[in-house]
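The structure appears below as structure tokens.
Laboratory data are not the source of any read-out in this text; all were calculated from the coordinates shown. Everything numeric in this text was worked out from a predicted model, so none of it was measured. Here the Cβ positions follow ideal geometry from the backbone for every residue, glycine too, while neighbour counts run over all protein chains shown.
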Amino acid sequence: GDVAVLVPAAGAGVRLGPGRPKALRLLAGEPLLVHAVRRLAEARSVHTIVVAAPVAEVDAVRELLAPVAPVSVVPGGAERQASVAAALAAVPAGPEIILVHDAARALTPPSLVEAVAAAVRAGRPAVIPVLPVVDTIKEVDAGEVVLGTVDRSALRAVQTPQGFLRSVLTSAHAAAGDPLTDDAGLVEKQGVPVSCVSGSEYALKITRPFDLALAEHLLAGGG
Ligand code: CTP
Ligand code: MG
């Protein structure tokens, strides 16, 4: 394996409702983070995994993941971007391809991890998995009155893992300003082209209670 994967897992999970940090919430009896890391470790290209855990849960996360896969665990930051930066700083010399993957995308198939890594290996400096947007999209004003309809054929919903040449991700984080919600956004600001590959519906980000219920259903064989 020539790939390191960074797993930001330090978020609270406010939108999921009251409870433990989201990465430690249970899905079919196991924490979301365990599901995510197990699938990453199943991808043949993956050599190194670095998890950014909630500060108060670093030791607990180390113990939780020890039987799942060899991983490094570092304390995360206040924003996702800071958590990714902390994990990036902990990657040892060696891997020249780095993937960044949300712990919240717990059911992401290993095949998607391989597809993103393969596109970087084939020469793309930055690669993101995307899906077409299915709903009609409206732009609205502060009073929720419609300003117009956006051409959805040119829009994509973006997932993780996002893949980068190590040098590209490192430069983008070194130059980063205000926190963004994905790493490709930082790379775009550097003027580096970002390429898309087909995403997976299983890579949904578990964000709200409905998503957790859907993931339970998928794991139970209902999808
Ligand atoms: N994340 C992180 N550090 C933060 C915030 C988020 O590592 N300070 C991680 C989350 O753990 C998650 C991923 O980034 O795996 C995507 O974030 P999101 O889905 O927004 O998770 P949360 O921030 O935990 O959820 P919420 O925004 O509802 O609180
Ligand atoms: Mg968040």
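Remarks
- Antiparallel DSSP beta bridges within the stretch 1-127, percent to nearest 5: 10 percent
- Each residue of the stretch 148-156 was assigned a 3J(HN,Hα) from its phi angle through the Karplus curve 6.51 cos²θ - 1.76 cosθ + 1.60 (θ = phi - 60°); the sequence is x, 9, 8, 6, 6, 5, 9, 9, 9 Hz, with glycine and proline shown as x.
- Anisotropy class of the stretch 5-159 from Cα gyration tensor, a/c 1.5 cut: oblate
- When the chain is treated as a GNM with alpha-carbon contacts under 10 Å, the residue of Gly148, Gly163, Gly17 showing the greatest mean-square fluctuation is Gly148.
- Debye intensity ratio in log₁₀ form over the Cα atoms of the stretch 107-223, taken at each q of 0.12, 0.17 Å⁻¹: -0.57, -1.00
- Comparing Leu147, Leu26, Leu165 in a Gaussian network model of the chain, where Cα atoms under 10 Å apart are tied by springs, the biggest mean-square fluctuation is seen for Leu147.
- Sum of side-chain charges, Ala12 neighbourhood, beta-carbon under 15 Å (Lys, Arg +1; Asp, Glu -1): +4
- Average Cα contact separation per residue, the stretch 1-94, under 8 Å, 6 or more apart, as relative contact order %: 34 percent
- Partners for Lys205 among aspartates and glutamates (Cα-Cα distance below 20 Å; same-chain residues under 8 apart left out): Glu30, Glu42, Glu79, Asp102, Glu114, Asp135, Asp182, Asp183, Glu216
- Listing Ser198, Ser171 from fewest to most neighbouring C-beta atoms within 10 Å gives Ser198, Ser171.
- Theoretical ellipticity at 222 nm over the chain - DSSP helices of four or more residues, -39500 (n - 2.57) apiece, nearest 500: -8500 deg cm²/dmol
- Couplings 3J(HN,Hα) of the stretch 108-114, computed from phi: 4, x, x, 5, 6, 4, 5 Hz, in residue order, whole Hz [Karplus 6.51 cos²θ - 1.76 cosθ + 1.60, θ = phi - 60°; x for Gly and Pro].
- When each of Val134, Val46, Val91 is scored by the number of other beta-carbon atoms lying within 10 Å, the sequence from fewest to most is Val134, Val91, Val46.
- GNM top mover of Arg25, Arg62, Arg208 - the chain, alpha-carbon springs below 10 Å: Arg208
- This model, with +1 at the C-beta of Lys and Arg and -1 at the C-beta of Asp and Glu, gives the chain a dipole about its Cα centre of some 280 debye.
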